[in-house]
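One structure is given here, and the rest of the page talks about it.
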Amino acid sequence: MRNILYIIIIIIVVLVGISLFSNRNTDAPLTGDQTNINMLATSSTVEIASREASYYGTSTRGWYAEPREEGNYPGVIVIHEWWGLNDQIKQTAEELAKNGYKVLAVDLYNGKIAATSSEAMAYSRGINQTDALNNMKAAAQYLQNQGITKIASLGWCFGGGQSLQLSLSDLKLDATALYYGQLVTEKDRLASVDAPVLGIFGDKDTSIPVARVQEFKQQLDELGITNEVYIYPGVGHAFANPSGMNYAPEETKDAWAKTLTFLNTHLK
């Protein structure tokens, strides 16, 4: 009887271990049903066209999406997570275009897409910040060449930090949006921001603590910079990424609605 009990305990431990390992596997590439598109889709019936676009040097190609109907549309520079310019980011750019924007999703990795978190960390840490800024500025020039006069930046995680860096540069933007990107809180540096800021964060994010987010907002307020900063309760870092353990669908949907409202307010 005791042996049978031991066997049952061992089986339970093994099954629990398999389950935990499976749930912790966040290194798998995105599959077709692991995207935010259904969650982000609006009632828009705007038809769009999308394609690769060479915009920086001779080899860097981003993903460009725009409404098919002629019109004066504002532009958005979309900046990928640390995974790179993958299908999820391209589809998000297309969804944004359906809401009446000309969108260029940049590639800061020059064609590389990470398949594991270790690769993603190596790619993100390996970028040259000056080159990254020149890359994003070239994206702004590409959009301006399409006749666009108002431009915003939007990024997630690594791209969120880059979105802020672009706003800190000498490029004139009309709005800046970042999802849980690394923050700058020094007032003298933030004084360079000359456009409204949208910040999306989770209160369980251990890499960007709530106290730092609050300091960021306080400095923006003291500088008189228009801003909207939202801290979602109960969610952690990268909660808007469907491939990770922290994915929170309802919070993602609400954050996207706030993002569209913010962009519509300051670009249209």
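Can you tell me which of 245-257, 56-68, 146-158 comes out highest on packing, and rank the rest after it, using the mean Cβ neighbours within 10 Å? Walk me through the numbers on the way to the answer.
Details: 245-257: 16.8, 56-68: 18.4, 146-158: 21.9.
The most tightly packed comes first, giving 146-158, 56-68, 245-257.
Starting from the Cα-Cα distance between residue 226 and residue 87, subtract it from 0.36 nm times their residue separation and give me the gain in nm to one decimal.
Numbers: separation 139, 0.36 × 139 = 50.04 nm, distance 3.24 nm.
The span from residue 226 to residue 87 would gain 46.8 nm if fully extended.
Give me the percent of the accessible area of segment 73-141 that comes from carbon and sulfur atoms, probe 1.4 Å, all protein chains in place.
Details: 1110 of 2410 Å².
The nonpolar share, carbon plus sulfur, comes to 46 percent.
Roughly what would the spin-label model give for residue 185 and residue 129, points 7 Å off Cα along C-beta, in nm?
Result: 1.7 nm between the two label points.
For segment 127-268, how many pairs of lysine residues have a Cα-Cα distance under 22 Å, where the two are 8 or more positions apart or belong to different chains?
16
Could you name the aspartates and glutamates in cross-link range of residue 90, using Cα to Cα under 17 Å and dropping any fewer than eight places away on the same chain?
Candidates past the 8-residue exclusion: 33, 47, 52, 66, 81, 107.
Measuring from a point 7 Å past the Cα of residue 59 along Cα-to-C-beta, which residues in segment 79-117 have an amide N at less than 14 Å?
Within reach of a label on residue 59: 108-113.
Shape call for segment 195-268 from the C-alpha gyration tensor, a ≥ b ≥ c root eigenvalues: rounded (a/c under 1.5), prolate (a/b greater than b/c) or oblate?
Details: a/c = 2.99, a/b = 1.26, b/c = 2.37.
Oblate shape, in that a/c is at least 1.5 and b/c is the bigger or equal ratio.
Any idea which of 208, 196, 153 is furthest toward the positive side of the dipole for segment 150-268, if Lys and Arg beta-carbons carry +1 and Asp and Glu beta-carbons -1?
153
Can you compute the FRET efficiency between residue 68 and residue 261 using 1/(1 + (r/R0)^6), with r the Cβ-Cβ distance and R0 = 22 Å? Round to the nearest 0.05.
Values: r = 24 Å, r/R0 = 1.10.
Efficiency, rounded to the nearest 0.05: 0.35.
The values are calculated or read from the model by the stated rules, or taken from the named source; none is laboratory data. For clarity, every value in this text was computed on a predicted model and none was experimentally measured. A quick note on method: Cβ atoms are made from the backbone with ideal geometry, for glycine too, and the neighbour counts reach across all protein chains shown. Only protein heavy atoms, including side chains, enter the accessible area calculation; ligands, DNA and RNA are left aside. Shrake-Rupley method; radii C 1.70, N 1.55, O 1.52, S 1.80 Å.
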